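The values are calculated or read from the model by the stated rules, or taken from the named source; none is laboratory data. Treat the numbers as computed from the prediction; the structure is a model and nothing was measured. Cβ: placed from backbone, ideal geometry, glycine included. Neighbour counts: every protein chain shown. Heads up: the accessible areas ignore ligands, DNA and RNA and are worked out on the full protein's heavy atoms, side chains in. Shrake-Rupley method; radii C 1.70, N 1.55, O 1.52, S 1.80 Å.
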Amino acid sequence: LAALRIVQEAVTNARWHAAASVCSVRVDREGAVLRVEVADNGVGMPRTVTPGLGLRSIRERATELGGRARVSQPAGGGTLVSVWLPIGEGVTG
C-alpha cells in the first residue's frame, strides 16, 4: 500500500508541477527490497527545493517502513523519484 501511495504522489507531482508529457513507473524486486522509480520528462526540480507535502509524504512513508527515498534530476532532464522499501520474507511475486 505504501508503494502505491508513493507512486500516486510522484505521478501527481509530475502532472501538476513538472509540465511533463511522459511519466513512467518501474517497480522491481531486488532481494528483500522493493524498488520503485517514477520518472518524468518535465521541467525538473528547481535548484533550491522546499519540499511540499508531496515530497515530504514520499520520504515519510519510506522512512516509516525502514526504507529510503531519493529525488534526483537525470542528465537528460526531468525528475526521478527512487524509493527502496524493505519487504518481508513471506512476500512472493
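What the table shows:
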item: Debye intensity ratio in log₁₀ form over the Cα atoms of the chain, taken at each q of 0.15, 0.21, 0.23, 0.25 Å⁻¹; result: -0.54, -1.00, -1.16, -1.33
item: Gain in span if fully extended, V33 to R56, counting 0.36 nm per residue against the direct Cα distance; result: 6.2 nm
item: Fraction of accessible area attributable to carbon and sulfur, the chain (%, probe 1.4 Å); result: 53 percent
item: Inter-site label distance for V25 and R47 at 7 Å from Cα along Cβ, in nm; result: 3.4 nm
